[in-house]
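See structure below.
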Amino acid sequence: MRTFNICVAIGALLGVAAAAEKKLQMKDLPAAVQKTVQDQTKGAEIRGISSETEKGKLTYEIETMVSGKHRDFLVDAKGAVTEVEDETAIDSIPAAAKAAIEKKAAGGKIAMVETVTRGSVTLYEATYTDKAGKKHEFAVTPEGVETKD
């Protein structure tokens, strides 16, 4: 039985590794994705390109810096932008979202807030470090409701 459990654990780890991001360069991208990346990164510094297959769908993540702020976006295999994450000041987001983030991070240090846009849905994602030094990330709606994102 112990051997079986070890085999299951190894299989699970291999499955996680298979879903891990793969680092890429611009030349590795399909033509449609390259065009989208070029269109979306005018005036930006590309900090990283990676791909990931999740639930059978291939997605490319492009990490950039624009005017000193993080701006990351996801592109599907056909070249369509499916998500955009823009670093933003906490004071510029809706009051309810700001209050929810500050409450959850109470006593900790908020490292970054991003506006996350997926189609017509907008969320606010915060990264913070708690008093014990552990990093956390969570997202809230404009109304301040935490999501399972």
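Read the figures in this text as sums done on the coordinates, not as results from a lab. Since the structure is predicted, the reported quantities are computational estimates derived from the model, not experimental observations. Cβ: placed from backbone, ideal geometry, glycine included. Neighbour counts: every protein chain shown.
Remark: relative contact order (the chain) = 14 percent; criterion is Cα-Cα distance under 8 angstrom and separation of 6 or more residues.
Listed by chain and number, the lysines whose alpha-carbon sits under 23 Å from that of residue 103, ignoring those within fewer than 8 places in the same chain, are 131, 134, 135, 148. Label-to-label distance, residue 74 versus residue 24, with points set 7 angstrom from Cα along the beta-carbon direction: 1.4 nm. Per-residue ellipticity at 222 nm for the chain, helices alone: DSSP H runs ≥ 4 residues times -39500 (n - 2.57), over residue total, nearest 500 deg cm²/dmol? -8000 deg cm²/dmol, from helical runs alone. Local charge for residue 84 was computed over the other residues whose Cβ lies under 9 Å away, with Lys and Arg +1 and Asp and Glu -1, and equals -2.
The alpha-carbon atoms of the stretch 23-140, seen along their principal axes, cover 47, 27, 26 angstrom, with the largest extent given first.
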